[in-house]
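Chemist: First the structure, which I've put down as structure tokens, then a few questions once you've had a look.
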Amino acid sequence: MLLLVAFPVHAQTQTWGWDDGTVPYVQTPMEIVERMLRMAEVKAGDHVIDLGSGDGRIVIEAAKRGATGLGVDLDSSLVKLATENAAKAGVGDKARFRVMDLFDADLSSASVVTFYLLPDFNAKLLPRLLKLKPGTRIVSHDGGIGDWHSDEKLEMRAPEKPVGVGGVSTVELWIVPADAAGTWTADIPGHGERWRWRVKQNYQMLDIETSAQGRDLLVRNSRLRGEELKIVVTGLVNGHAWHHYFVGTVKGDRIDGEVTVSDGNNRKVFPWTAARTGR
């Protein structure tokens, strides 16, 4: 929600870091807060951790949606203010705040992580974010995360934004991907029997080769969103041209789901259980 806090800035807010490596405090406009929470689909049962929580607005708004939240900030006066704001909003039991360096925060319990930091700080967080549970949503205001391309990106005008030109904000969403790289095999009785997939992975982006009955098939599209894997494959199986839509959940060395097969006139659905057999 806010930039990592070292000192509150009451006059002209800067967008660069202080000499000690911290970042000045800049509020995220409430309409951007709303958009960030909507993009992350925050709901009851979620646990939101906001890095650089300032006056607590992201954690408080998340708590109003039924989530629990933790905000961490270096400025004790802002942590005190955020705690008071949560109490006034009636969510003091769901929204907690701690004085802490964001790099010391344990993120393992989060289902959603939010921040408004400088890109250099985001890049330093990258290794830790990738270790979170697949499916964890990460939302950033005005800052990418190293070379990890976002799953969703939105630009919107925020007239009350105190920094930048034109009051334009960028909100981005990343979903921590499961580990899908390697060689996978599956038996689909009655439709190609033994199938094989060779998957190369760069974050959530996949490069997939598929074969069945000793024949290479065309992978038209694929998507990995957390643990959910979708693959679209066309080609000859049992001497007939088919369109295949695989949908499965990646957990460890196993994928469980189903494949829908059609040729324009006929449609069949088969169980799909794949095992990772190599890297």
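Chemist: Here's a check for you: in the range 63-72, which residue that is among the hydrophobic types (A, V, I, L, M, F, W, C) and not in a strand (DSSP E or B) is nearest to the chain's Cα centre (by Cα)? Spell out how you get there, then give the answer.
Modeler: Here is the first cut: in the range 63-72, the ones among the hydrophobic types (A, V, I, L, M, F, W, C) are 63, 67, 70, 72.
So of that shortlist, the ones also not in a strand (DSSP E or B) come out as 63, 67.
Details: ALA63: 19, ALA67: 17 Å.
For the range 63-72, the residue satisfying everything is ALA67.
Chemist: Among residues belonging to the range 248-269 that are over 15 Å from THR185 (Cα atoms) and not basic (Lys, Arg), point out the one that is modelled with the lowest pLDDT.
Modeler: Filtering first and then ranking leaves GLY264.
Chemist: Condition first: among the hydroxyl-bearing types (Ser, Thr, Tyr) and within 12 Å of ALA274 (Cβ to Cβ). Now tell me which residues in the range 237-251 satisfy that. Show your work before the answer.
Modeler: In the first step, residues of the range 237-251 are kept if they are among the hydroxyl-bearing types (Ser, Thr, Tyr); the result is 245, 249.
Correct list: THR249 only.
Chemist: Please identify the pairs in which a residue from the range 226-249 that is within 30 Å of GLY135 (Cα to Cα) has its Cβ atom under 9 Å from the Cβ atom of a residue that is at pLDDT below 95, counting only partners at least 6 apart or on another chain.
Modeler: The qualifying pairs are HIS243/GLY264.
Chemist: Quick check on my filter: what residues within the range 242-251 are over 19 Å from the mean Cα position of the chain (by Cα) and either over 16 Å from GLY192 (Cα atoms) or open to solvent by 60 Å² or more (accessible area, probe 1.4 Å) (or both)? So that I can check it myself, show each step before the final result.
Modeler: Pass one, the range 242-251, residues over 19 Å from the mean Cα position of the chain (by Cα): 242-247.
Correct list: HIS243, TYR245, VAL247.
Chemist: Separate question: Would you check if there is a residue in the range 219-226 being modelled with pLDDT of 95 or more, of a type outside the set (D, E, K, R) and over 18 Å from ILE175 (Cα atoms)?
Modeler: Step one: list which residues in the range 219-226 are modelled with pLDDT of 95 or more, which gives 219-226.
Cutting the leftovers down to of a type outside the set (D, E, K, R) gives us 219, 221-222, 224, 226.
Checking the rest, the ones that are also over 18 Å from ILE175 (Cα atoms) come to 219, 221.
Looking through the range 219-226, at least one residue is modelled with pLDDT of 95 or more, of a type outside the set (D, E, K, R) and over 18 Å from ILE175 (Cα atoms).
So that you can scan it fast, the table gives a plain yes or no per residue for (1) out of contact with any strand residue (DSSP E or B) (no Cβ under 9 Å at 6 or more places or on another chain); (2) of a type outside the set (D, E, K, R):
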residue: ALA89; (1), (2): no, yes
residue: ALA95; (1), (2): no, yes
residue: ASP101; (1), (2): no, no
residue: ASP106; (1), (2): no, no
residue: ALA110; (1), (2): no, yes
residue: THR114; (1), (2): no, yes
residue: ASP120; (1), (2): yes, no
residue: ARG137; (1), (2): no, no
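Chemist: Also, quick follow-up: Of all residues in the range 46-62 being over 20 Å from the mean Cα position of the chain (by Cα) and in contact (Cβ under 8 Å) with a residue 40 or more places away in the chain, which is most open to solvent (accessible area, probe 1.4 Å)?
Modeler: The initial filter retains those residues of the range 46-62 that are over 20 Å from the mean Cα position of the chain (by Cα), namely 54-57, 60.
Now restrict to residues that are in contact (Cβ under 8 Å) with a residue 40 or more places away in the chain: 54-57.
Working: GLY54: 1, ASP55: 18, GLY56: 0, ARG57: 42 Å².
Residue satisfying both the conditions and the ranking: ARG57.
Chemist: For the range 200-216, indicate whether the set of residues that are among the aromatic types (Phe, Trp, Tyr) and assigned to a strand (DSSP E or B) is non-empty.
Modeler: As a first pass, look at the range 200-216 and keep what is among the aromatic types (Phe, Trp, Tyr): 203.
Still in the list and also assigned to a strand (DSSP E or B): none.
No: the range 200-216 contains no residue that is among the aromatic types (Phe, Trp, Tyr) and assigned to a strand (DSSP E or B).
Chemist: Further question: All but one of (1) over 17 Å from LYS161 (Cα atoms); (2) at pLDDT below 95 hold for GLN27; state the number of the condition that does not hold.
Modeler: Status for GLN27: all satisfied but (1).
Chemist: As an exercise: evaluate GLY144 against (1) at pLDDT 95 or above; (2) out of contact with any Pro (no Cβ under 9 Å at 6 or more places or on another chain); (3) farther than 18 Å from LEU229 by Cβ and give the number of the one condition it does not meet.
Modeler: Result: GLY144 fails condition (2) only.
Chemist: Okay, next question. When you go through (1) touching a helix residue (DSSP H, G or I) at 6+ places or on another chain (Cβ under 7 Å); (2) under 22 Å from LYS80 (Cα atoms) one by one for ARG96, which number turns out not to apply?
Modeler: (1)
Chemist: Being modelled with pLDDT of 95 or more and part of a strand (DSSP E or B): is that true of VAL48 here? Walk me through how you get there before you give the answer.
Modeler: Values: modelled with pLDDT of 95 or more: yes; part of a strand (DSSP E or B): yes.
Taking the combined requirement at face value, the residue satisfies it.
The values are calculated or read from the model by the stated rules, or taken from the named source; none is laboratory data. No experiment lies behind these values; they were computed from the predicted model shown. FYI the Cβ positions are ideal-geometry reconstructions off the backbone, even for glycines, and counts take in every protein chain you see. With ligands, DNA and RNA removed, areas are computed over all heavy atoms of the protein, side chains included. Shrake-Rupley method; radii C 1.70, N 1.55, O 1.52, S 1.80 Å.
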